[in-house]
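Visitor: Below is one structure. I have some questions about it.
The values are calculated or read from the model by the stated rules, or taken from the named source; none is laboratory data. Note that the structure is a prediction, hence the values are computed from the model and not measured. Backbone-built Cβ (ideal geometry, glycine too); neighbour counts: all protein chains shown.
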Amino acid sequence: MKTSDVIEKFRQVIIYHGLPQTDMALYGITCPYCGKSDRLRKLDPPGSLTSLPDRDVSLYEDLYGRLVDTEASLGVCKFCLNIVGLAQNGVARPLQT
């Protein structure tokens with residue numbers, strides 16, 4: 001599966017389930033897509049999702065694992081709904097497509 005397909009499938013899972021479960025904004029980090037600085041949310045790490053059906057949890061874990069390779073963690077902009085890589089230095093980066 002191409003990276004762009006993985007990103008789109010992951011975005012669909014996030015939107016469908018209203019993720020992340022913890023709605024805490026990452027202030028001071030700007031979305032590389034839309035420029036908003038108060039809408040980024042860190043996505044739940046695999047294994048911490050408790051309210052999803054098992055098949056959706058495994059899909060989430062698979063897609064998350066495919067995208068997090070080069071980043072410290074993943075986040076989502078709740079304004080433009082794009083998935084971003086969150087580096088350890090507090091910078092949000094667009095995912096490579």
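Visitor: Of all residues being in contact (Cβ under 8 Å) with a residue 40 or more places away in the chain and in a loop (DSSP other than H, G, I, E, B) in the range 33-50, which is nearest to Q96 (Cα to Cα)? Just the residue, please. Quick ask: steps written out before the conclusion?
Guide: Here is the first cut: in the range 33-50, the residues in contact (Cβ under 8 Å) with a residue 40 or more places away in the chain are 33-34, 36, 39-40, 42-43.
After this cut, where a residue has to be in a loop (DSSP other than H, G, I, E, B) as well, the list is 33-34, 36, 39, 43.
Working: Y33: 12, C34: 16, K36: 20, R39: 21, L43: 18 Å.
In this case the residue turns out to be Y33.
Visitor: Among the residues of the range 18-33, is any surrounded by 14 or more Cβ atoms within 10 Å (Cβ to Cβ), in contact with a helix residue (DSSP H, G or I) (Cβ under 6 Å, 6 or more places away or on another chain) and not aliphatic (A, V, I, L, M)?
Guide: For the range 18-33, residues surrounded by 14 or more Cβ atoms within 10 Å (Cβ to Cβ), in contact with a helix residue (DSSP H, G or I) (Cβ under 6 Å, 6 or more places away or on another chain) and not aliphatic (A, V, I, L, M): absent.
Visitor: Could you tell me how many of the residues in the range 1-32 are of a type in the set (D, E, K, R) and assigned to a helix (DSSP H, G or I)?
Guide: Here is the first cut: in the range 1-32, the residues of a type in the set (D, E, K, R) are 2, 5, 8-9, 11, 23.
If we keep only those that are assigned to a helix (DSSP H, G or I) too, we end up with 5, 8-9, 11.
Qualifying residue count for the region: 4.
Visitor: Now a separate question. Considering the range 72-97 alone, what residues qualify as being part of a loop (DSSP other than H, G, I, E, B), within 11 Å of the chain's Cα centre (by Cα) and on the phi < 0 side of the Ramachandran plot?
Guide: Applying the first criterion (part of a loop (DSSP other than H, G, I, E, B)) to the range 72-97 yields 72, 78-82, 87-91, 95-97.
If we keep only those that are within 11 Å of the chain's Cα centre (by Cα) as well, we get 78, 81-82, 95.
Matches in the range 72-97: K78, N82, L95.
Visitor: Now, a different point. Considering only residues of the range 46-71 that are of a type in the set (A, V, I, L, M) and over 18 Å from P94 (Cα atoms), which is farthest from the chain's Cα centre (by Cα)?
Guide: Restricting attention to the range 46-71, the residues satisfying the condition of being of a type in the set (A, V, I, L, M) are 49, 52, 57, 59, 63, 67-68.
Cutting the leftovers down to over 18 Å from P94 (Cα atoms) gives us 49, 52, 57, 59.
Working: L49: 13, L52: 16, V57: 14, L59: 14 Å.
Only one residue tops the list, namely L52.
Visitor: A further question follows. Of all residues in the range 34-45, count the ones that are over 11 Å from the mean Cα position of the chain (by Cα) and either closer than 24 Å to D62 by Cβ or surrounded by 19 or more Cβ atoms within 10 Å (Cβ to Cβ) (or both). So that I can check it myself, show each step before the final result.
Guide: Keep residues of the range 34-45 that are over 11 Å from the mean Cα position of the chain (by Cα), which gives 34-39.
Still in the list and also either closer than 24 Å to D62 by Cβ or surrounded by 19 or more Cβ atoms within 10 Å (Cβ to Cβ) (or both): 39.
Result for the range 34-45: 1.
Visitor: Would you pick out the residues in the range 3-17 that are touching a residue at least 24 places away in the same chain (Cβ under 8 Å), surrounded by fewer than 14 Cβ atoms within 10 Å (Cβ to Cβ) and closer than 13 Å to L95 by Cβ?
Guide: T3, S4 - these are the residues of the range 3-17 that are touching a residue at least 24 places away in the same chain (Cβ under 8 Å), surrounded by fewer than 14 Cβ atoms within 10 Å (Cβ to Cβ) and closer than 13 Å to L95 by Cβ.
Visitor: Quick check on the range 55-74. Is at least one of its residues surrounded by fewer than 13 Cβ atoms within 10 Å (Cβ to Cβ), hydroxyl-bearing (S, T, Y) and modelled with pLDDT of 90 or more?
Guide: yes
Visitor: Right, something else. Working only within the range 72-97, note down all residues that are of a type in the set (V, I, T) and out of contact with any Lys or Arg (no Cβ under 7 Å at 6 or more places or on another chain). Talk me through it step by step, then tell me what you get.
Guide: Kept after step one, since they are of a type in the set (V, I, T), are these residues of the range 72-97: 76, 83-84, 91, 97.
Correct list: V91, T97.
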